[in-house]
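Working notes, beginning with the structure itself.
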Amino acid sequence: MFGRSAIHRAGGFRPENLGQNALNLIGNIGFSLFVVGVLVFTIIAATYEPEDPLFHPSDKITTFLTSTSNATLRSDDSVVKTGEDFMPVNQTAFAAFINITDVESNEENAEGNQLDCDASVPVDCKDSEVFHLMMKATIEKFKDIHFYKFGKPAVGEGANSCDMAWRYRPKDGKTAAFYKDYRRFVVEKSENCTLSLVSIGEYHSGLNARKRKRNQKAGFEKSDGKRDDFSLPVLGEAVNDSLPMVESDKAFKSGKFLVYVGGGDRCKSMNHFLWSFLCALGEAQYLNRTLVMDLTLCLSSVYTSSRQNEEGKDFRFYFDFEHLKEAASVLDEAQFWAEWGKLHNKKNRLGLHLVEDFRVTPMKLADVKDTLIMRKFGSVEPDNYWYRVCEGDAESVVKRPWHLLWKSRRLMEIVSAIASRLNWDYDAAHIERGEKARNTELWPNLDKDTSPSALLSALQDKVEEGRNLYIATNEAELSFFNPLKDRYATHFLDEYKDLWDESSEWYSETTKLNGGNPVEFDGYMRASVDTEVFLRGKKQIETFNDLTNDCKDGVGTCNVAAT
């Protein structure tokens, strides 16, 4: 009764009111659709995460660098690309490598030893005959690499041992970089003083040839004058990533600095960190200022064994700080504030320009004369992300200096050691399983397509039987791949643990860098090394390109990824 009388009093569904009610109903529905539409658009705008440009293939890098996207970077556990990945591999520039005929020709022109034969005299490592013997033996032994420089041999340890270093690249190298190796040679002298080579040591065994004396010329080098070695990474040289020092109080007071403080970037994924850090570095370069940088990092939980964010990591564990400090003007934050505290007082007031709104563009700061520009970021995400500074109008002015940031040479040294143990002659497969293989809704075929029997079938036409096959994988149980051993010589990252265990050079150097505290070879380091070894394989078989038809990011995303 209550409902019926109410309708009656309101006019109800009387014939004379039907038209008006219909119009009201249509209006209400239209307004509701409008409100829903605005709400949906707002949600999409707030949560939109376009494809992460850091992981575009190298042939799309031009498009990436000129992109105008305001991207909130997707959080994932991928290994980021850095400056050396974007360097074009100009094979013409590497054409001047040393052939064995070059050594033989040089040997003929060398001045012979005029002394009488005395077999009792130990082998002289500085003798040109010994040098040429060692070079020829090296070129003959390592047929899958090109040599560019040989250092003069140094006396090894023990009788008749000599150490020699050389600079090289793999013949099929896909990265624009040089490598350095130094090994121990044992040379034998017969009764008539004829020299012969007994053995060549393992990778980096010739420690006495590692350090090149200042201004010392290479023992043998072939160059066409077109290659600039200094613009390329050289893996194998000693790393000097000590902190840059302030020249003097006068230089500090006359300097110009930029610092970013606070924000929501900490403990985010590594690609998020780089996108923000390179924005700050790009702004510093645009303003012609020194970037004051915090060398301590928080490693995101996606890379840690504890699955929790871990503070106290060092920038230098993951990136080449030596190259950065030589190529750009940067200063450690702790050093800066110590110097600032010493010089900023009543007698010497150093100018500070505070900026608390990311929408203040770098262009508006170009005329600031103060010693320090401090950008202070709040607590509300995503407006407190550093990379917001480089969006909008600033994107066409501030360029992220990718060429200044290279991967850690200590990590890349592990990559080189693994590739060298395989004589740079191996094929590689990236086999992704883990959570994706268990999620059959998004990846319905992945588990089946990466089973041992399916892998043997898929690899049969791609990798020759008996080849060294390096498998980069997130599969926890490596015994899963045992059936592949019947056809290939399989290798995995954990096979090379001695390269980062307590007796390794990496462990020793990172412990020293970390104030005497041991450094964990964490998930990001593992993924980085695994990926780089994979990329140096002669053949590279990818999970989502070669082994399964599933889409990398799940059902229905293949076409999206392609665009």
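The values are calculated or read from the model by the stated rules, or taken from the named source; none is laboratory data. Fair warning: this is a prediction, and the values are worked out from it, not measured in the lab. Note that each Cβ is placed from the backbone with ideal geometry, even for glycine, and that neighbours are counted across all protein chains shown. For the accessible areas, the whole protein counts, side chains as well, though only heavy atoms, and no ligand, DNA or RNA atoms are used. Shrake-Rupley method; radii C 1.70, N 1.55, O 1.52, S 1.80 Å.
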Tell me, what is the 1.4 Å probe accessible area of Trp506, in Å² to the nearest 10? 20
In segment 418-462, the GluC sites (Glu not before Pro) that fall in loop regions by DSSP, at most 13 other Cβ within 10 Å: Glu441
Amide H neighbours of Asp314 under 5 Å, counting only residues 5+ apart in sequence or on other chains, H built in-plane at 1.01 Å? Leu297
Given bins 5 angstrom wide, list per bin the percent of all Cα-Cα distances in segment 296-342, short to long. 5, 17, 18, 20, 15, 14, 8, 3, 0
Label points 7 Å out from Cα along the Cβ direction at Trp337 and Leu535: separation in nm? 3.5
Which net charge results when you count Lys and Arg as +1 and Asp and Glu as -1 among the other residues whose beta-carbon is under 9 Å from that of Phe317? +1
How large is the translational diffusion coefficient of segment 234-391 in µm² per second when you combine the Kirkwood radius over alpha carbon pairs with Stokes-Einstein at 10 °C and 1.306 mPa s? 94
Tally Lys and Arg at +1 and Asp and Glu at -1 over the other residues with C-beta under 10 Å from the C-beta of Asn208: what net charge comes out? +1
Expected field for Arg421, accessible surface area in Å² at 1.4 Å probe radius, rounded to 10, holds 110
How far apart, in nanometres, would the label points at Lys485 and Cys117 be if each is projected 7 angstrom from Cα along the Cα-to-Cβ direction? 5.1
Might you work out the accessible area of His272 for me, using a 1.4 Å probe with all protein chains in place, and round it to the nearest 10 Å²? 10
Can you give me the accessible area per residue for segment 464-530, using a 1.4 Å probe, in Å²? 50
Checking segment 284-377 for trypsin sites (Lys or Arg not before Pro) in a loop per DSSP with at most 14 other beta-carbon atoms within 10 Å yields Arg307, Lys346, Lys347, Arg349, Arg359, Lys369
Roughly what would the spin-label model give for Thr296 and Ser396, points 7 Å off Cα along C-beta, in nm? 4.1
Debye calculation, C-alpha points only, no solvent: report log10 I(q)/I(0) for segment 388-529 at q = 0.09 Å⁻¹, in the same order as the q values. -0.43
For the pair Glu475 and Glu221, what calculated FRET efficiency results from E = 1/(1 + (r/R0)^6), where r is the Cβ-Cβ distance and R0 = 35 Å, to the nearest 0.05? 0.20
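By the scheme Lys and Arg +1, Asp and Glu -1, what is the net charge of all other residues having a beta-carbon under 14 Å from that of Pro362?
Working: positive: Lys256, Arg289, Arg359, Lys364, Arg375, Arg388, Lys399, Arg400; negative: Glu283, Asp357, Asp367, Glu391, Asp393, Glu395.
Charge balance in the 14 Å sphere: +2.
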